[in-house]
1. Whats the longest run of the chain with zero trypsin sites (Lys or Arg not before Pro) that are DSSP loop and have at most 16 other Cβ atoms within 10 Å?
2. Which aspartates and glutamates, if any, have their Cα less than 20 Å from the Cα of K48, not counting same-chain residues under 8 positions apart?
3. Could you please state how large a percent of the accessible area of the range 40-146 is carbon and sulfur, counting protein chains only and using a 1.4 Å probe?
4. Find how much the distance from Q135 to D168 grows on full extension, using 0.36 nm per residue of separation minus their present alpha carbon separation; answer in nm with one decimal.
5. Under 10 Å, Cα contacts only: if you run a Gaussian network model on the chain, which one of G122, G82, G96 comes out with the highest mean-square fluctuation?
6. Determine the equivalent ellipsoid of the chain by diagonalising the alpha-carbon gyration tensor, then write out the semi-axes as square roots of 5 times the eigenvalues, largest first, rounded to whole Å.
7. Determine the per residue accessible area of the chain with all protein chains present and a 1.4 angstrom probe, expressed in square angstrom.
8. State the antiparallel share, in %, of DSSP beta bridges confined to the chain, rounding to the nearest 5.
Amino acid sequence: VKKATASNPSPKATTLTFSPSSISLNLSDKQSQEVTLTLGGDFSWGDKLYRKLGDSDVATVDWSSYESGAVFRPVITAKAAGDTTLTCSVVDNNTGQTVATATLKIAVTASTYTVRYDANGGKNAPTSQTKTARQALTLTSDCPEREGFTFAGWATSRNGSVQYQPGDSFTIDQDVTLYAIWEAENQVSLTLANDSFT
């Protein structure tokens with residue numbers, strides 16, 4: 001009679017998961033976010049964990065946070081608007097084969113600001129423009145009109161000095177109203193007999 005032998009249970013597959021699987025970051029309101037990377041299943045501590053960021057110009061990753069049980073909590077920080085991915089892979093140290101992969105989708109959006117134009121006593125003020133954070137905006141080339149006055153440029157206050165000209169680069173990250181600054185046109189006085197005309 002043959003003696004029954006117990007079969008060895010097959011090892012669990014190595015798993016690698018991000019939670020969540022995608023994140024959205026805003027350059028101003030939400031510049032960074034912590035995500036959880038859990039390495040599960042049967043694995044050897046000799047196995048290698050490879051980490052690859054698709055575009056380091058869009059975001060950076062800080063891996064300093066680690067907990068027992070193969071749980072990592074990388075902090076993703078936004079750098080510039082765009083999309084990128086963070087891919088992690090576990091490679092078996094003995095065979096060199098990839099045994100698990102996880103991908104985190106990262107979308108970074110830029111805050112926007114409104115540049116408004118006030119004709120400041122004139123008419124036909126240009127349409128407002130939208131400025132993207134950390135990007136220069138070219139001010140409109142359109143100019144308002146005012147009878148008897150010449151448009152001199154734009155200022156950030158109603159009675160201020162000219163700070164910008166049409167087509168200038170605007171780099172300030174904030175909502176702003178630009179006011180038209182006017183210069184009176186030259187007036188000529190004519191005298192005929194006893195009547196004076198301007």
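1. Numbers: sites that count: K2, K3, K12, R134, R158.
The reported range is 13-133.
2. Result set, ordered by chain and number: D62, E67, D92.
3. Ligands and nucleic acids excluded, carbon and sulfur reach 42 percent.
4. Between Q135 and D168, full extension yields an extra 10.5 nm.
5. Evaluated over the chain, the most mobile residue of the options is G96.
6. Numbers: eigenvalues 978, 26, 25 Å².
Here the semi-axes work out to 70, 11, 11 Å.
7. On the way: 12560 Å² over 198 residues.
Accessible area per residue: 63 Å².
8. Expressed as a percentage, antiparallel bridges in the chain total about 85.
The values are calculated or read from the model by the stated rules, or taken from the named source; none is laboratory data. Predicted model only: the values in this text are computed from it and were never measured. Using ideal geometry, Cβ is built from the backbone for each residue, glycine included, and neighbour counts are taken over all protein chains shown. For the accessible areas, the whole protein counts, side chains as well, though only heavy atoms, and no ligand, DNA or RNA atoms are used. Shrake-Rupley method; radii C 1.70, N 1.55, O 1.52, S 1.80 Å.
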